[in-house]
Amino acid sequence: MSIANAIQSIAFLTDFRESVWVYPVVMAIHLSCIAVFGGMILMTDLRLLGVAMTDRPISEVIAKFRIWKRIGFCIMVTMGALLASSEAEKYSPNPFFWAKMCFLSLVAIHAAIFRPLVYNNPAELDKSPAIPGRAKLAGALSLFIWLGILTCGRLIGYYEDAQSAGSPATKPAAALTVPVSPAIVVQRSPLRLGISGPRDLQENKRKHYVLSNRESS
């Protein structure tokens, strides 16, 4: 048994995957958090780049969205981990899934580098006559990373493993069933099969003569 299969075979993950309501609800929460959380990330990055919300101080934008970004990030990661682990065998061969994990790792690296330089001291950015280069770099890299996460997350659903897809030539063709009316079978095949002697032959000829007279009348 593979590691992915062992993970998704855990009892509560199996129940979660086969649930009619819980799985789609968790998926909806995950996607909703991506939309809301991604929107706040976008506005913060655009403010650092000096593109949007320029009438507001950078410190105000960062402070206003900080708590909500943290809550949204925790919910998004928790729901995503639950979804991925419940179908680990499906996601493990998917290259877009691993690309998304790499981008998520870059989020941690980005935070470790730019949090003490930019996000923890936004008041110093407001004192500068122009937005410092480090702030613009933080916004640009954050925008690139999160666009990569969203793109890879979208492409995950379009990838199909070659082994699971199978070759069209190896798939059995569907049997074609043509309904046949019993009346037509009797009229078109009045002769009985398996004739064993002259008596049977005469009996079949008589039935054929009777049926022919009925059709002509």
Based only on other Cβ atoms within 10 Å, what is the fewest-to-most ordering of Arg134, Arg154? Arg154, Arg134
Among Arg56, Arg17, rank each residue by its count of other Cβ atoms within 10 Å, from fewest to most, as a rough exposure measure. Arg56, Arg17
XL table Lys64/Lys90; Lys69/Lys100; Lys100/Lys127; Cα-Cα > 27 Å flagged, in table order, is Lys64/Lys90; Lys100/Lys127
By Cβ neighbour count within 10 Å, fewest first, Asp55, Asp15, Asp45 rank Asp55, Asp15, Asp45
Expected unfolding gain across Arg154-Ser2 under the 0.36 nm per residue rule, minus the alpha-carbon gap, is 52.1 nm
Can you classify the stretch 107-166 as rounded, prolate or oblate using the Cα gyration tensor, where a ≥ b ≥ c are the square roots of its eigenvalues, rounded means a/c under 1.5, and otherwise it's prolate if a/b beats b/c and oblate if not? prolate
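Any read-out appearing in this document is the output of simple, stated calculations on the displayed coordinates, not a laboratory observation. Only a predicted model underlies this, so the values are computations on that prediction, with no experimental measurement involved. Cβ: placed from backbone, ideal geometry, glycine included. Neighbour counts: every protein chain shown.
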